[in-house]
1. How do M339, M387 stack up against each other in accessible area, from largest to smallest, with a 1.4 angstrom probe?
2. Amide H neighbours of Q299 under 5 Å, counting only residues 5+ apart in sequence or on other chains, H built in-plane at 1.01 Å?
3. If you roll a 1.4 Å probe over the heavy atoms of the protein chains, what accessible area per residue do you get for the stretch 207-277, in Å²?
4. Let's see if you can work this out: charge +1 on each Lys and Arg Cβ, -1 on each Asp and Glu Cβ, no other charges. What is the dipole magnitude of the stretch 278-388 about its Cα centre, in debye to the nearest 20?
5. Per-residue counts of other Cβ atoms within 10 Å, averaged by peptide: what ranking do you get for 264-276, 433-445, highest first?
6. Show me the ranking of peptides 278-287, 203-212, 538-547, 460-469 by mean Cβ neighbours inside 10 Å, starting with the highest.
7. If you roll a 1.4 angstrom probe over the protein chains with everything in place, what fraction of the accessible area of the stretch 431-550 belongs to carbon and sulfur, to the nearest %?
8. Using the Kirkwood radius built from alpha carbon pairs, what does the Stokes-Einstein equation give as D for the stretch 217-374 at 25 °C and 0.890 mPa s, in µm² per second?
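The values are calculated or read from the model by the stated rules, or taken from the named source; none is laboratory data. Keep in mind that what you see is a predicted model, and the values were worked out from it rather than measured. Cβ: placed from backbone, ideal geometry, glycine included. Neighbour counts: every protein chain shown. Ligands, DNA and RNA are excluded from the accessible area calculation, which covers all protein heavy atoms including side chains. Shrake-Rupley method; radii C 1.70, N 1.55, O 1.52, S 1.80 Å.
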Amino acid sequence: MSSAREVVTIQAGSFANFIGTHWWNIQESSFCYSPDSSIPLDINHDVLFREGLNLHREVTYTPRLVLVDLQDNLTSIRKECPLYRSSNEDKSETLWDGPVEVIKSEEIKKNPFLEEFEKMSDTSEMNTDVSEESKTQKISEILYDFNNPSTVWCDFLKTNLHPRSFCLFNELSCTQNNSPLDLYSNGEEIYSTDGKEMIEDAVRRMSEECDYLQGFHVLFDAHNGFSGITNNILQYLDDEYKRIPSLCFPVFQSNKANPVPDIKEEMNRLYAVLNSMSNLNNYCSLFSPLCLSDSIVTQSPPYRSFPYLEYQPNLLYQTSAIYAAAIETLTSPYRLKAMKFNMGDITSVMSTYGRKLVCSSTCLPFPLNHDSYLSSMVENDVPEYYMTSLTPFYKPESERTLFQSAVLRGIPVNKFQKPGNCMYHSTQLEEIFGQYLNKYSASSVTTATVFKEMCSVAAPFPRFFKPVVSDCGFLYQLMNLKQKGVNKVPIAASFNNSDSSGNFIDDLISQASKLTFREYVKCTETTYEKDNYVEIIESLRGLQDNYQNYN
């Protein structure tokens, strides 16, 4: 029996599953099966993964996950992964001698990446000392191009998922080139007619397997019908698991053209976002909207700039990887083997004064040169703070925050202070990192977490690092023209309780107050009622008031 404090993850929507796919890949890439490995392994994977038995009574290790999406998005994989598939399923003998008509569905064709990865897995099955990292390093030598709009999340999913993780809906009839799930109200209707029992059973099964359930992660598309589905899930969690905290990441990007070209689509998105923000305020413990534009409705430029990345903001494959690396780091404090906090500790502190909406930022990779030290970055008078906001309206380089939960991972102990020039008497790495944060990201209360394990960015993570980033993740003074591929990087990320969250809510309320919007949703959203709409706006105004007068 594991002593881990388990977390159940719920992913709903196409973009949320892009992020989740990268996140599970990052974690599985860091698995190491050699007991005497010298690589630091700080993360306790039992928190998010579960052991099980397949049909052959073999032990499996799969994510503790409930995945909600459309059936059509499973283009490269089957619901039954190889671990849970019978080897004789296509060779079964009939029980009678009469004529038999066999009807087979079209065979699912794997893309070259998944085929190559399965071959690597098969050849390493007999060698328990082969780590997941070594397999991905071999695969990374072969280039696979996922940088196109037609890529779906299952094209690059390395991790085997349990069949019970899938909660899939069949695509309904489309009109005027729009999916029914473009509308928030349709998501609510689909949940009540087809999804309620299926999803709630999946959540309950995953939760009942836990010995020490500490919380829920919820990643979901907050701009379409999946927000209607997720808002019902949040109400279910609040009813059945009232004392269990939930940490939510609403996301807003789609595979359509950015910025959003159609005013009707903008209004559909706005209505879904308003409902999502209101329900998150009412039913979850803490939430952090993730968007690389300040406009979550129109997705218009300018988009966030990262000093050491060359990414394309319209490609879900690339933007989701940035979010996944950040979430992997942000959630690590309560997933460490030497766990100092649990999820409830972080959500309760960060949501003080009812400020449940927090801002996220990340530094990918953390900008430390091969011959530099963290203490030198603090001593330097020239600002060297490279945190980039992942939440609209938040400016990490210029705002003082009320509370901050920051994580730095992947920096060796000998890179914190320069030998012979110790800036601090303390040898606590968290204190040195705290001094760095106080200089560049001042906060009234800062909680710092530091650990050695780097973040894995091995294939199929995007190859969007600039040449100044070395193969081992640290920076070169000169361009690295011989870069073979970055497999691990140091990274920093933080949750910040900032007054700018009030500006974010104010912008949404301002857009919702326009007459054209109210008249439009009356005609398109079947669940629209004036009293409910007024209640949503009042809930958001109450949330906005929590960000006033705490300077």
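1. My answer, sorted largest first, is M339, M387.
2. Residues meeting the amide H criterion: V260.
3. Solvent-accessible surface per residue comes out at 33 Å².
4. Its charge dipole is roughly 580 debye.
5. Packing order, densest peptide first, comes out as 264-276, 433-445.
6. Ranking the peptides 278-287, 203-212, 538-547, 460-469 by packing returns 278-287, 460-469, 538-547, 203-212.
7. So the carbon and sulfur contribution to the accessible surface is 49 percent.
8. 143
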